[in-house]
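What follows is a single structure, written as structure tokens, with notes after it.
The values are calculated or read from the model by the stated rules, or taken from the named source; none is laboratory data. From a predicted model like this one, the values you see are computed outputs, not experimental measurements. All Cβ positions, even for glycine, are placed from backbone atoms using ideal geometry, and neighbour counts span all protein chains on display.
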Amino acid sequence: MKVRKPQTPLREDGFTLIEVLVVVVMVGVISSIAAPGWLAFLNRQKVNTVRNELKGIVLDAQLKSQQKSTSYSVVLSTTANGPSAALSTAGSLYPASLLGSKTKGITVSTFISSTATAPTQALTFNYKGEVGADLLPFVIKVSDSSTSNIQQCLIITSLLGNITEASNAVCNNPAAIQP
């Protein structure tokens, strides 16, 4: 007599090729929708980081000029690796430091609102920590060179060096926030 083994049904574990392809297509579609928003977020963060670091450097220069009773300048530039700032006093220039990390493509520009030109890339505080009246309002604009709609700025609005943070259209028209 032959003993029959009970037949077990074939196991169907795993996914079919069609199911895997559907998942891959869905992930691709979701990624293509989310990628532009994520990149814009990263660019805004870079611009905000540079603006915040610039504010710290400007406040540091103002404080040092008051403490040491000597003029200090913040010298700004945009290099191939990103924006940089350096302190300067009485003919000596301290080493420039890059602002933020991985900020290539971020530009820093300055202008004096009353003349709407960029006569200088430096902001100077006198021995009392004041800004010259002919430089007011002094605008330091930080923007992303790859897109024109991301702008952050610091606006020095008074002789005492009051710093106001602003964004987008206000950067081009600082009179809108004048007291």
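Against the test of being touching a Pro at 6+ places or on another chain (Cβ under 6 Å), aliphatic (A, V, I, L, M) and more than 20 Å from Gly132 (Cα to Cα), the options Val50, Val3, Val22, Val27 yield a single qualifying residue, Val50. Checking Gly37 against (1) modelled with pLDDT of 95 or more; (2) within 25 Å of Thr103 (Cβ to Cβ): exactly one of these is not met. Which one? Of (1) modelled with pLDDT of 95 or more; (2) within 25 Å of Thr103 (Cβ to Cβ), only one is false for Gly37: (1). Residues that are touching a helix residue (DSSP H, G or I) at 6+ places or on another chain (Cβ under 8 Å), touching a residue at least 60 places away in the same chain (Cβ under 8 Å) and under 24 Å from Ser143 (Cβ atoms): does segment 77-94 have at least one? Scanning segment 77-94 turns up no residue that is touching a helix residue (DSSP H, G or I) at 6+ places or on another chain (Cβ under 8 Å), touching a residue at least 60 places away in the same chain (Cβ under 8 Å) and under 24 Å from Ser143 (Cβ atoms). When the residues of segment 55-75 are filtered to those that are in contact with a Leu (Cβ under 6 Å, 6 or more places away or on another chain) and farther than 13 Å from Gly91 by Cα, which remaining residue is surrounded by the most Cβ atoms within 10 Å (Cβ to Cβ)? Applying the filter and picking the extreme gives Ala61.
For Leu76, are the conditions met, namely being among the aliphatic types (A, V, I, L, M), out of contact with any strand residue (DSSP E or B) (no Cβ under 9 Å at 6 or more places or on another chain) and not in a loop (DSSP other than H, G, I, E, B)?
no
So which of Thr8, Thr49, Thr70 is of a type in the set (S, T, N, Q), assigned to a loop (DSSP other than H, G, I, E, B) and modelled with pLDDT of 90 or more?
Thr70
Screening Phe111 on (1) of a type in the set (Phe, Trp, Tyr); (2) surrounded by fewer than 17 Cβ atoms within 10 Å (Cβ to Cβ); (3) outside any loop (DSSP other than H, G, I, E, B) shows it passes everything except condition (2). Residues in segment 37-57: is at least one touching a Cys at 6+ places or on another chain (Cβ under 8 Å), closer than 27 Å to Ser158 by Cα and among the basic types (Lys, Arg)? Yes - at least one qualifying residue is present in segment 37-57. On inspection, Ala90 does not qualify as more than 15 Å from Ser65 (Cβ to Cβ), at pLDDT below 80 and loosely packed, with under 12 Cβ neighbours inside 10 Å. The residue of segment 93-108 that is modelled with the lowest pLDDT, among those that are exposed (fewer than 15 other Cβ atoms within 10 Å of the Cβ) and more than 20 Å from Asn43 (Cβ to Cβ), is Leu93. Screening segment 114-142 for residues that are modelled with pLDDT of 80 or more and polar (S, T, N, Q) and picking the one that is surrounded by the most Cβ atoms within 10 Å (Cβ to Cβ) gives Thr124.
Look at segment 79-95 and say how many of its residues are more than 23 Å from Gly132 (Cβ to Cβ) and not in a strand (DSSP E or B). Summing the residues that are more than 23 Å from Gly132 (Cβ to Cβ) and not in a strand (DSSP E or B) in segment 79-95 gives 3. Of the residues in segment 38-47, at least one is among the charged types (D, E, K, R), under 20 Å from Ile140 (Cβ atoms) and in contact with a Lys or Arg (Cβ under 8 Å, 6 or more places away or on another chain).
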